[in-house]
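Scroll down for the structure; my scribbles are underneath it.
The numbers here are math on the coordinates, done by the rules we state, and not lab data. Worth saying up front: this structure is predicted, and the values here are computed from it rather than measured. Every residue, glycine among them, receives a Cβ derived from its backbone with ideal geometry; neighbour counts consider all protein chains shown.
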Amino acid sequence: MFYTIDILGTMAFAISGVLIAMEKRMDLFGILIIAFVTAVGGGTLRDLLIGDTPVSWMRDITFTYVIMGSAFLAILIKNYINYLRTSLFLFDTIGIGLYTVVGIEKGIHADLHPILCIALGTITASFGGVLRDILCNEIPVIFRKEIYATACILGGVTYFLLILAGVENDYIFMFAGLVVILVRLLAVKFKITLPSIYSKGN
Amino acid sequence: MFYTIDILGTMAFAISGVLIAMEKRMDLFGILIIAFVTAVGGGTLRDLLIGDTPVSWMRDITFTYVIMGSAFLAILIKNYINYLRTSLFLFDTIGIGLYTVVGIEKGIHADLHPILCIALGTITASFGGVLRDILCNEIPVIFRKEIYATACILGGVTYFLLILAGVENDYIFMFAGLVVILVRLLAVKFKITLPSIYSKGN
Amino acid sequence: MFYTIDILGTMAFAISGVLIAMEKRMDLFGILIIAFVTAVGGGTLRDLLIGDTPVSWMRDITFTYVIMGSAFLAILIKNYINYLRTSLFLFDTIGIGLYTVVGIEKGIHADLHPILCIALGTITASFGGVLRDILCNEIPVIFRKEIYATACILGGVTYFLLILAGVENDYIFMFAGLVVILVRLLAVKFKITLPSIYSKGN
């Protein structure tokens, strides 16, 4: 089941890359690269930081197939992709939940402090999108809008609270992931954002 | 001979960095950095991804000398550098051919899937230019024009086809490199580009 | 004492990140990220290049606390931060001196050529600021103004000259660091810049 989620998340990430790259009117190759970078960027930075190389997407060719396939599909059906935005947003959110928890568990495995494990989970879930925005020459969305990373952090905190509470490992994984997903869905639905630190007059 | 090609390729990459950095009116230090990053960026990302550290340019000081020397030379003769554009383009193309094949062989050595070896070769040949463009705050050329990466990929496919055909290792190296070089030369000469995915009206 | 300097330098780097992120009107999370990246970026690239993972900020949670604390403090007192600019500049400069020498010693430990050790020291001291500028979508300051990196390089040259002169290790560390600090202070005070390579008419 985790593998299926991982595949769906990868697809959603790749397609989000395709959509932004097409807005920037990149050529075919550029689009594929952006799709790839969006999908694997987070896991790659995670693996580099903890020294787990070759990085994970280089150890399983399946992800390359999934990314390339999703990207070509997205290009082919680009005129209809708006109808899929809800499904894509859902896959994306589920992917973020999964990647956060996977990152946390890799951090625990590398003996990192819980706070750093949460950071690693958040990096795994969000760095692909950051890279996508940098390569498209924009200030990363994550630095300006949405409560994206906050969801990952809350999920991460949940993860360690459940460990303290002595909950079983498999439940922790699922429950922490669900927190990430729910926070993000609720935040988007009710347009919750982080409080602004700038006074209105500015 | 490979070493000589490597040096020539490094020179060409470094000088291409100098030219763009001067267009952006960077100061001396900025120009040197861009020259350096353009020349070693691809190999560095390759080595990081497969965990082959310290990265290769840190293990042989010669490349640092070559890059710094080429950069200073390029700055000194900047008014005449237009006369050298053809030679530079040729060195650059030969360098790309070499780096592609070297990257592929490092990937094979790290037990990667052939497709990922080709990706690694393409990264080796092109990431320096991508970094150069990002640092100069432009959307990387590779995402928008030229058939640059396609040449690397075709060379990589040739590499593995020749392995399947049972050709001897040294010939494979040379032949795959030549494919990269020829595809790029022909593409530039005949202005071949990837088919556009955008309809004309857009 | 080194640890105290390291903390002060980290604070100064983090706060410089906060100031620029606030100019760009990023939200709270964006500001924290930029603070973090500015403070740990140089050490992270250094550790990745030589393969010393998990990277150093992941092995000591103190730095995370210091960065987050400084960032929140800077946001709270943002209207008064101008009065602290001199202290911040001083901490920043001391941090750069320290990071340069720490980077050099890590390079020596990894058996690198002296020139590459100096490069590694300069990377440690300056890459955080480069990342900060890239993430804020600006051409990095280091590529265009200030004599920042030149100070690191002169300190590094001093380091190896003192080794050749047979000076004791602890003195080398301090003296090379002081050279970095003094060069930067003098350069800023007397507005010394690198000679321009562009003729006036351009």
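Which residues does the label zone of A:TYR3 cover in the stretch A:50-66, counting backbone N under 15 Å from a point 7 Å along Cα→Cβ?
Under cut-off, by backbone N: A:59-66.
For the charge dipole of chain B, defined by +1 on Lys and Arg C-beta atoms and -1 on Asp and Glu C-beta atoms about the Cα centroid, which residue among B:HIS113, B:ILE75, B:PRO54 has the Cα displaced farthest towards the positive pole?
B:ILE75
Which pairs in the list B:LYS78/C:LYS191; C:LYS78/C:LYS191; C:LYS24/C:LYS78 are over 18 Å apart, alpha-carbon to alpha-carbon?
B:LYS78/C:LYS191; C:LYS78/C:LYS191
Taking the Cβ of A:PHE63 as the centre, find all other residues whose Cβ is under 14 Å away and add up their charges (Lys, Arg: +1; Asp, Glu: -1).
After counting each charged neighbour, the total is -2.
Compute a Gaussian network model of chain A, connecting alpha carbons closer than 10 Å, and tell me which residue from A:SER16, A:SER87, A:SER70 fluctuates the most.
A:SER87
Of the candidates A:ILE153, A:ILE15, A:ILE50, which one comes out as most mobile in a Gaussian network treatment of chain A with C-alpha springs shorter than 10 Å?
Greatest mean-square fluctuation among the candidates belongs to A:ILE50.
List the residue from chain B whose beta-carbon is nearest to the axis that rotates chain B onto chain C, together with that distance in whole Å.
Taking Cβ atoms only, the nearest residue and its distance are B:LEU48, 3.
Could you work out Rg/(2.2 N^0.38 Å) for the stretch B:1-53, with Rg from alpha carbons only?
Taking N as the residue count of the stretch B:1-53, the ratio is 1.27.
Cβ under 15 Å from A:ILE7's Cβ, A:ILE7 left aside: what net charge do those residues give with Lys, Arg +1 and Asp, Glu -1?
In short, -3.
Please arrange C:ARG132, B:ARG59 by how many other C-beta atoms lie within 10 Å of their C-beta, fewest to most.
On the way: C:ARG132 26, B:ARG59 16.
By the 10 Å Cβ count, ascending: B:ARG59, C:ARG132.
For the stretch B:9-73 and the stretch A:63-122, what is the separation of their C-alpha centers, rounded to whole Å?
Using only Cα atoms to place each centre, the spacing works out to 33 Å.
To the nearest 20 Debye, how big is the dipole of chain A about its Cα centre, given +1 on the beta carbon of each Lys and Arg and -1 on that of each Asp and Glu?
Roughly 800 debye for chain A.
How many Å³ per residue does the convex hull of the Cα positions in the stretch B:52-166 occupy?
Looking at the stretch B:52-166, the number lands at 139 Å³ per residue.
Scale the Cα Rg of the stretch C:77-133 by the rule-of-thumb value 2.2 N^0.38 Å and send over the ratio, two decimals.
Normalised by 2.2 N^0.38 Å, the Cα Rg of the stretch C:77-133 equals 1.42.
Hey, got the average number of other protein chain Cβ atoms within 10 angstrom for residues in A:57-63?
Average per residue, whole number: 4.
Using a Gaussian network model on chain C with a 10 Å cutoff between Cα atoms, which of C:ALA151, C:ALA125, C:ALA110 fluctuates the most?
Greatest mean-square fluctuation among the candidates belongs to C:ALA110.
Report the extension gain between A:ILE163 and A:ARG85 in nm, rounded to one decimal, defined as 0.36 nm multiplied by the number of residues separating them, less their alpha carbon distance.
Fully extending the segment from A:ILE163 to A:ARG85 adds 24.5 nm.
How many nanometers, to one decimal and shortest first, lie between the label point of C:ASN79 and those of its other copies, if labels sit 7 Å from Cα toward Cβ?
Reported distances to equivalent positions: 5.7, 5.7 nm.
When each copy gets a label point 7 Å from Cα toward the beta-carbon at B:ALA165, what are the spacings between them in nm, shortest first?
Result, one decimal in nm: 6.4, 6.4.
From the label point of A:TYR3, set 7 Å along Cα to the beta carbon, how far off in nm is each other copy's matching point, shortest first?
4.8, 4.8
Once you charge only the Cβ atoms, +1 for Lys and Arg and -1 for Asp and Glu, what is the size of the charge dipole of the protein assembly as shown about its Cα centre, to the nearest 20 debye? Could the numbers behind the result be given before it?
Working: 42 positive and 42 negative charges, 496 e Å.
Value, rounded to 20: 2380 debye.
Per 10 Å bin, what is the whole-percent P(r) computed from every C-alpha pair distance within chain C?
For chain C, the binned pair fractions read 9, 35, 36, 16, 4, 0 percent.
Could you work out the Kirkwood radius for the protein assembly as shown, taking every pair of different alpha carbons, averaging 1/r and inverting it, reported in Å?
Answer for the protein assembly as shown: a Kirkwood hydrodynamic radius of 25.3 Å.
Express in % the proportion of alpha carbon pairs of the stretch B:41-80 at distances exceeding 16 Å.
49
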